[in-house]
Amino acid sequence: MAVVFRRALFSMDIERIRAPIADDLQAVNALIRRQLRSDVVLINQLAGYIIDSGGKRLRPVTVLLAAHACGYAGSRHIDAAAIIEFIHTAT
């Protein structure tokens, strides 16, 4: 029971952390899907795995939050977050 409760608390906390960058996370997901769009079914499945795996996505979240904390106003942080997710998945 305690483990379930801790997971529930973590889920609430991670959603609070993601809230300010929700639009950026959607942009990262869209970029991943665009970059992995292919006539090869396995590649499309990989894109779905990366996006729909249900993971915490702490790596791209960290990139996006750092960009916001530094006052970055461009869009390259979306690219960086997607790249980090690609590297993580590849390893």
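The values are calculated or read from the model by the stated rules, or taken from the named source; none is laboratory data. Predicted model only: the values in this text are computed from it and were never measured. Cβ: placed from backbone, ideal geometry, glycine included. Neighbour counts: every protein chain shown. Accessible surface areas use protein heavy atoms only, side chains included; no ligands, DNA or RNA. Shrake-Rupley method; radii C 1.70, N 1.55, O 1.52, S 1.80 Å.
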Check on Arg37, open to solvent by 100 Å² or more (accessible area, probe 1.4 Å) and at pLDDT 85 or above: yes
Selection count, region 54-82, where residues are open to solvent by 90 Å² or more (accessible area, probe 1.4 Å) and closer than 14 Å to Ala27 by Cα: 1
Any chance Ile43 is closer than 24 Å to Pro20 by Cβ and of a type in the set (Val, Ile, Thr): no
